[in-house]
Amino acid sequence: MAGSNEVNLNESKSVVPLNTWVLISNFKLAYNLLRRADGTFNRELAEFLDRKVPANTIPVDGVFSFDHVDRNTGLFSRVYQPAPENVTTCGIIELEKPLSTTEIVPVIIFFHGGSFSHSSANSAIYDTFCRRLVTMCKAVVVSVNYRRSPEHRYPCAYEDGWNALNWVKSRTWLQSGKDSKVYVYMAGDSSGGNIAHHVAVRAAEEDVEVLGNILLHPLFGGEKRTESEKKLDGKYFVKLQDRDWYWRAFLPEGEDRDHHACNPLGPKGKSLKGLKFPKSLVCVAGLDLLQDWQLEYAEGLKNYDHDVKLLYLKEATIGFYFLPNNDHFYCLMNEINAFVHPPNC
Amino acid sequence: MEIEIDSVSSPSKVKEIDGLLADVGYKVKSSELHQVAQNIERLENVIVNSSSSDISQFASDTIHYDPSDIGNWVDNLLSEFDHTNSLPYDFSQLSDLAQDQHQHHHHHHQNHQLKVVTTVEEDSAIKLIHMLMTCADSLQRGNIQLAGSLIEGMQGLLTNMNTNSGIGKVAGYFIDALNRRIFGQNNIIHIENDVLYHHYYEACPYLKFAHFTANQAILEAFNGHDCVHVIDFNLMHGLQWPALIQALALRPGGPPFLRLTGIGPPSHDDRDNLREIGLRLAELARSVNVRFAFRGVAAWRLEDVKPWMLQVSSKEAVAVNSIMQLHRLLGSEPDPNNPSAIETVLGWIRSLNPKIMTVVEQEANHNEDGFMDRFTEALHYYSTVFDSLEACPVEPDKAMAEIYLQREICNVVCCEGPARVERHEPLIKWRERLGKTGFRPLHLGSNAFKQASMLLTLFSAEGYCVEENQGSLTLGWHSRPLIAASAWQAVPETLRFDH
């Protein structure tokens with residue numbers, strides 16, 4: 001056995017609970033089997049291995065869900081809502097009444113992670129996470145099943161995100177508050193965070209209001225190798241060369257990692273100065289090799305005078321939020337809750 | 001962490017499945033986490049020391065099973081990679097976890113209660129649904145007058161709606177069914193069921209998926225056997241069997257002697273439909289050099305079939321094939337003195353000691369006693385099925401397929417007691433029932449999944465999707481599974497835990 005590999009595996013085992021280690025390592029293992037050196041992806045095996053769950057309008061722990069299929073695109077989004085007190089279990093959701101006419105109910109559009117290639121809105125890990133988001137942050141969540149790479153490269157995921165944003169904003173049944181509007185936030189982990197950023201930029205440019213962005217260890221990168229990438233490569237579930245594969249699969253052929261999709265505030269990025277960009281909550285895991293890029297991103301937003309709250313979780317690894325068995329999870333949920341329920345609303 | 005005590009069979013046996021992992025779709029016993037972690041590390045090392053192309057090839061060539069069981073999945077990969085000890089798939093571990101499943105039912109993923117909705121936004125559709133629900137509700141309460149007037153109201157609404165697709169179309173069928181329930185049959189469409197079946201077979205992939213997946217499993221189960229016997233619980237036109245005959249013909253080492261026993265309703269007039277199908281299949285078998293024998297068993301109901309009619313010999317490997325038939329047995333009157341129809345039939349299936357029993361069923365809960373529950377479940381289920389049919393470009397396949405489905409809808413909505421045969425139950429219930437009556441699952445693997453996925457590419461509509469569900473495969477429309485295929489084997493008597 002290669003000595004350095006053994007050390008690496010032991011390190012990650014000491015910082016997360018055992019069931020978390022098994023979960024994330026299992027994903028890592030599966031993902032290794034799916035990526036091919038020639039840039040193609042074993043999609044059938046990926047779908048076979050992915051644990052999916054159906055939507056369920058019978059409330060489970062106070063949350064119910066249903067899928068909406070966009071007939072034009074054939075893509076679905078899964079809507080999660082707190083079960084109303086007097087739910088009539090006749091089972092048809094009549095989408096005509098607003099969420100509330102008195103209170104404000106935030107609607108979080110969620111983009112799941114998976115480095116643009118893996119997972120779906122109905123993947124069990126994300127279905128469970130979204131349900132928890134509803135309960136702990138008293139919000140409605142719309143999880144978008146965007147198109148994935150390498151079959152669908154940039155800008156497909158961003159387009160799907162943009163369409164989802166407009167769809168959500170135009171639903172009367174997602175409105176709340178006294179002035180009957182949809183109080184929209186966007187959130188995403190890993191590639192989902194990257195998508196949320198880019199959709200937010202477009203929203204700002206086209207004057208579509210988004211109240212806030214929540215980025216959970218978002219996927220950014222660039223050509224240069226940062227200190228954290230060098231230091232943490234292979235140590236906590238993630239290898240740099242794998243990151244590179246996903247960028248090659250997502251970015252247009254021939255582009256490098258300084259493409260603005262990957263490095264939005266980098267040399268080929270666009271200025272966000274003067275743009276009505278939403279406030280951001282950027283959560284960085286201290287054991288994520290991409291943290292330097294995420295910290296640069298947060299700094300970059302600040303330099304453009306945008307509102308950023310940085311949540312730096314020193315001892316967290318990627319995927320800490322999949323299982324609620326650690327402090328980081330609860331810390332994150334509290335922050336999100338406060339973020340989508342600002343005091344003066 | 002969940003702790004279930006198996007209080008019935010073994011004394012003080014504690015089984016813990018990690019609850020948090022279960023919430024995200026994985027089954028691992030807490031006590032085995034360390035062992036599983038170790039094996040993951042071993043496999044990681046193997047992968048790290050192999051070339052990337054080797055890994056990709058290996059991943060494609062290996063047959064993966066039930067990824068929710070991480071321990072077994074990793075073990076399987078390790079032994080496959082080793083090559084030195086290519087163990088046959090470990091069934092003993094399998095039945096262990098299958099047992100756990102029965103006890104772990106309050107996790108929402110394993111919860112029997114699942115409701116999937118049709119969402120409606122347009123005002124007219126909302127109104128229509130409202131009235132449909134109220135009508136069904138008043139029927140349940142016995143308020144026939146209100147129900148009747150609502151039906152009139154809905155028929156009026158429909159005249160202003162698009163009834164060629166979407167909710168208008170499906171609602172039309174349900175209004176019609178409610179009408180029949182109250183006022184009885186008026187316009188009966190005189191088309192033979194097997195004709196409708198054939199069009200349904202062509203219009204959408206559900207039956208093809210069922211046949212295809214079952215045949216794969218049967219083929220594998222028949223490996224190494226020279227005398228094989230397939231018992232088909234509903235022969236119809238024998239559409240499933242040409243493919244199996246051809247696959248057996250091409251089997252390395254040559255085809256076995258194949259016997260097919262087809263069960264079906266007695267024919268009217270002087271025809272013998274079963275025999276005619278049998279002759280056609282025999283001709284096909286002859287053309288590909290497969291020794292073949294056919295026997296038809298005519299019976300109106302499956303529960304009227306007795307095992308001796310099937311003339312199973314102990315020398316042959318038996319496959320029992322049930323495509324959407326088992327649910328028809330669930331309507332027998334409960335009788336404390338006699339076993340129910342389903343128990344009887346499952347009992348004699350076990351006595352045949354089949355190598356495999358393939359079961360395909362609608363993934364729906366249409367067997368609730370409460371009328372409202374059944375009605376709303378059916379509305380959602382068939383809305384989705386009709387949605388998927390909309391993409392079918394071929395007529396009259398599509399129109400006939402709709403009539404085929406309409407008959408199912410009518411049975412679910414209008415009938416009660418033994419007349420109600422469309423008593424669909426979801427996979428989770430079948431697993432429980434089959435587990436209790438002495439069957440254990442044979443897992444369908446990634447090869448079956450892959451082939452089913454490829455089958456779907458032949459259908460133009462892009463919403464169909466195959467999913468893996470703990471050893472079974474489901475075919476659905478977008479994110480809603482509609483049909484589930486599973487395979488089973490009888491547990492030897494000595495290993496059975498009686499509940």
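Before moving on, here are some points about what is shown:
- The set of residues from region B:35-48 being at the interface with chain A (Cβ under 7 Å from one of its Cβ atoms) and of a type outside the set (A, V, I, L, M) comprises B:41, B:44, B:45.
- Here residue B:318 meets the list (1) touching a helix residue (DSSP H, G or I) at 6+ places or on another chain (Cβ under 8 Å); (2) closer than 20 Å to residue B:351 by Cα; (3) aliphatic (A, V, I, L, M) almost entirely, failing just condition (1).
- The residues listed here are B:418, B:393; of these, the one that is outside any helix (DSSP H, G or I) and either at pLDDT below 95 or more than 14 Å from chain A (Cβ to nearest Cβ) (or both) is B:393.
- Residues in region B:269-325 that are surrounded by 15 or more Cβ atoms within 10 Å (Cβ to Cβ), touching a Cys at 6+ places or on another chain (Cβ under 9 Å) and of a type outside the set (A, V, I, L, M, F, W, C): 1 in all.
- Residue count for region A:159-184, restricted to those that are under 30 Å from residue A:250 (Cβ atoms) and of a type in the set (D, E, K, R): 4
- Selection of first residues in region B:196-207 that are within 14 Å of residue B:323 (Cβ to Cβ) and of second residues that are among the polar types (S, T, N, Q), restricted to Cβ pairs under 9 Å at least 6 apart or on distinct chains, gives the following pairs, ordered by first then second residue: B:205/B:388; B:206/B:362; B:206/B:388; B:207/B:240.
- The test for being within 14 Å of chain B (Cβ to nearest Cβ), more than 24 Å from residue A:81 (Cα to Cα) and not in a strand (DSSP E or B) holds for residue A:152.
- Among all residues of region B:108-125, there is none that is surrounded by 19 or more Cβ atoms within 10 Å (Cβ to Cβ) and modelled with pLDDT of 85 or more.
- Count of residues meeting criterion [surrounded by fewer than 16 Cβ atoms within 10 Å (Cβ to Cβ) and either more than 29 Å from residue A:53 (Cβ to Cβ) or out of contact with any strand residue (DSSP E or B) (no Cβ under 8 Å at 6 or more places or on another chain) (or both)] in region B:25-41: 3
- Within region B:346-378, being in a helix (DSSP H, G or I) and out of contact with any strand residue (DSSP E or B) (no Cβ under 9 Å at 6 or more places or on another chain) holds for B:347, B:348, B:371, B:372, B:373, B:374, B:375, B:376, B:377, B:378.
- Each residue in region B:431-450 was checked for being closer than 24 Å to residue B:201 by Cα and under 17 Å from the mean Cα position of the chain (by Cα), and 3 pass.
- Check on residue A:77, at negative phi, more than 9 Å from every other protein chain (Cβ to nearest Cβ), in contact (Cβ under 8 Å) with a residue 12 or more places away in the chain and not β-branched (Val, Ile, Thr): yes
- Those residues of region B:2-47 which are under 16 Å from residue A:21 (Cβ atoms), part of a loop (DSSP other than H, G, I, E, B) and modelled with pLDDT under 95, in sequence order: none
- All of A:304, A:246, A:312 fail the test of being touching a residue at least 12 places away in the same chain (Cβ under 8 Å), hydroxyl-bearing (Ser, Thr, Tyr) and crowded, with 17+ Cβ neighbours inside 10 Å, apart from A:246.
- So residue A:189, is it more than 21 Å from residue A:152 (Cα to Cα), out of contact with any Ser or Thr (no Cβ under 8 Å at 6 or more places or on another chain) and not hydrophobic (A, V, I, L, M, F, W, C): no
- Entirely in region B:144-258, the helices (runs of 4 or more DSSP H) that have 3 or more residues that are under 27 Å from the mean Cα position of the chain (by Cα) and of a type outside the set (Lys, Arg): B:166-183, B:193-203, B:206-221, B:241-249
- Here region A:5-26 is the region considered, the condition is being modelled with pLDDT of 95 or more and surrounded by fewer than 19 Cβ atoms within 10 Å (Cβ to Cβ), and the residue that is farthest from the other protein chains (Cβ to nearest Cβ) is A:17.
- A single entry from A:57, A:40 fulfils the requirement of being touching a residue at least 24 places away in the same chain (Cβ under 8 Å), under 30 Å from residue B:81 (Cα atoms) and polar (S, T, N, Q): A:40.
- Residue, farthest from the other protein chains (Cβ to nearest Cβ), within region B:49-76, restricted to residues that are assigned to a helix (DSSP H, G or I) and more than 28 Å from the chain's Cα centre (by Cα): B:75
- Any hit, region A:166-174, residues being in a helix (DSSP H, G or I), farther than 25 Å from residue A:29 by Cβ and small (Gly, Ala, Ser): no
- Residues within region A:196-244 that are more than 23 Å from residue A:30 (Cβ to Cβ) and among the hydroxyl-bearing types (Ser, Thr, Tyr), tallied: 2
The values are calculated or read from the model by the stated rules, or taken from the named source; none is laboratory data. The shown structure was predicted, so the numbers you read here are calculated from the model rather than taken from an experiment. Note that each Cβ is placed from the backbone with ideal geometry, even for glycine, and that neighbours are counted across all protein chains shown.
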